[in-house]
Amino acid sequence: MKRILIIRTDRVGDVVMITPMIREIRKTFPDSFIATLTNQNSNDVLINNPHLDLILTDDLKKNSFWKVVKQLRENKFTDGLLIMPTERAAYQMFFAGIKNRIGVGKKLYEVITFMKSVSRNKYIPLRHESDYCMDLARTIGVNSKDLTPEIFITDKEKLNGREILNSLGINENELKIIIHTGSGKSSGNWSEDKYLILIREILIKKNNARIILTAKEMSSNFRSNILSLNDSRIVFADSHINRLRDLICIISNSDLLIAASTGPLHLASALDIKTIGLFCHRRMNCAELWGAKGSKAVNLEVSSEYCDNNCSNDKEVCKFEEGIKTEEVLKFV
């Protein structure tokens, strides 16, 4: 029987990208034992996933290297899939004695540990991140192009999210729009001032809308500007989010989420909630690679013309702010 370990120890949105391959591995090997190894900030994405037998975590800030090695050895994995190369995880799999270890590319530590690898071929032709993840599943026998992401919540969790919104004065029948202004600097994003303009325009056009702000990194100036609007239809939910699972429960009760290319956008997409995502045109940040994959997703990207005329040639300097107009977002709202 196959005992398969999937490792992705980076950010929340990245972990959402492995949910299609988890499902397709389970379909291909229904009797296998499937586990994941993620960091403690993102393992909530995988809770209640019926295709998983075990969720392991590695606290990258603590001295947990050998603890993880011991756990991997105890579970006697036959296959280890390292989705994005990290030296730490490569050596953990090596010392755990996992025989069939597959990574990405040809890093020195992968060569030293005799790891097999797949290539992203310099992203030519460009495909979606979840498809690149699926490549590793394909190496062990999976044959699927279904890249639909998924997150699973219980009825109790759904109720918990509803109760959080009720405590904020939002009832079940109101139009609930989450606007997540943060991105953790992982992608191009609007300024808070521009999000403020969008919020005002939504409230003018949608009298029954409730705006829910969820970003932890909102500035004090932005909060003050929101409060100065003196509009009870806008609520701050960030103080009610103690862990990622709380945010997932809130999103599951919303009607629409608007955000840049960041974790909450992919959470909403995987929950089959309507999303509007904002993407820059830079090759490694564009919608083709990182776009929300849910059936109700709209991915808006800065045009190539705007990018060529306003951003640096190497695309490291991004003039994202004016690349997507609020009017474009409002059209889809």
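Details
- With the convex hull of its Cα atoms as the shape, the stretch 121-250 has an orientation-averaged projected area of 11.3 nm².
- The trypsin sites (Lys or Arg not before Pro) of the stretch 134-224 that meet both conditions, a loop assignment by DSSP and at most 14 other Cβ atoms within 10 Å of the site Cβ, are 145, 185, 216.
- Across the chain, the mean sequence separation of Cα contacts (distance under 8 Å, 6 or more residues apart), normalised by length, yields a relative contact order of 16 percent.
- Spin-label model, residue 295 to residue 332: label points 7 Å out along the Cα-to-beta-carbon direction sit 1.8 nm apart.
- Most mobile listed residue (217, 163, 192) in the chain, GNM with C-alpha springs under 10 Å: 217
- Pair residue 139, residue 121: separation of 7 Å Cα→Cβ label points (nm): 1.6
- Nearby aspartates and glutamates by direct alpha-carbon distance to residue 107 (threshold 16 angstrom, same-chain neighbours under 8 apart not counted): 87
- The share of alpha-carbon pairs in the stretch 191-333 lying farther apart than 20 Å comes to 51%.
- Of 239, 261, 183, the one that fluctuates the most in a GNM where the chain has Cα springs shorter than 10 Å: 239
- Loop-located GluC sites (Glu not before Pro) in the stretch 268-324 (DSSP state not H, G, I, E or B) with no more than 11 neighbouring Cβ atoms inside 10 Å: 316.
- Geometric extent, Cα atoms of the stretch 161-226 - Rg, Dmax (angstrom): 12.8, 34
- Ordering of 326-333, 167-174, 92-99, 273-280 by packing is 273-280, 92-99, 326-333, 167-174, highest average first (other Cβ atoms within 10 Å, averaged per residue).
- In terms of the mean number of neighbouring beta-carbon atoms within 10 Å, the peptides 105-117, 243-255 order highest first as 243-255, 105-117.
- Under 20 Å of direct C-alpha separation, and excluding same-chain neighbours fewer than eight residues apart, residue 62 reaches these lysines: 70.
- For the chain, the mean residue ellipticity at 222 nm estimated from helices alone is -10000 deg cm²/dmol, where every DSSP H run of n ≥ 4 contributes -39500 (n - 2.57) and the total is divided by all residues, rounded to the nearest 500.
- Reduced Cα scattering model of the stretch 112-194, Debye log10 I(q)/I(0), q = 0.11, 0.17, 0.19 Å⁻¹: -0.66, -0.99, -1.03
- Dimensionless Rg/Rh of the chain - Kirkwood Rh, Rg from C-alpha atoms: 0.99
- For the chain, built as a Gaussian network whose Cα springs stay under 10 Å, the top-fluctuating residue of 140, 234, 204: 204
- Pairwise Cα distances in the stretch 1-84 exceed 22 Å in 19 percent of cases.
- Violating pairs (Cα-Cα greater than 31 angstrom) within the set 2/156; 158/205; 185/293: 2/156
Taken together, the values in this text are just the output of simple stated rules run on the coordinates, not laboratory data. Everything numeric in this text was worked out from a predicted model, so none of it was measured. Methodologically, a virtual Cβ is constructed for each residue, glycine included, from the backbone with ideal geometry; neighbour enumeration extends over all protein chains shown.
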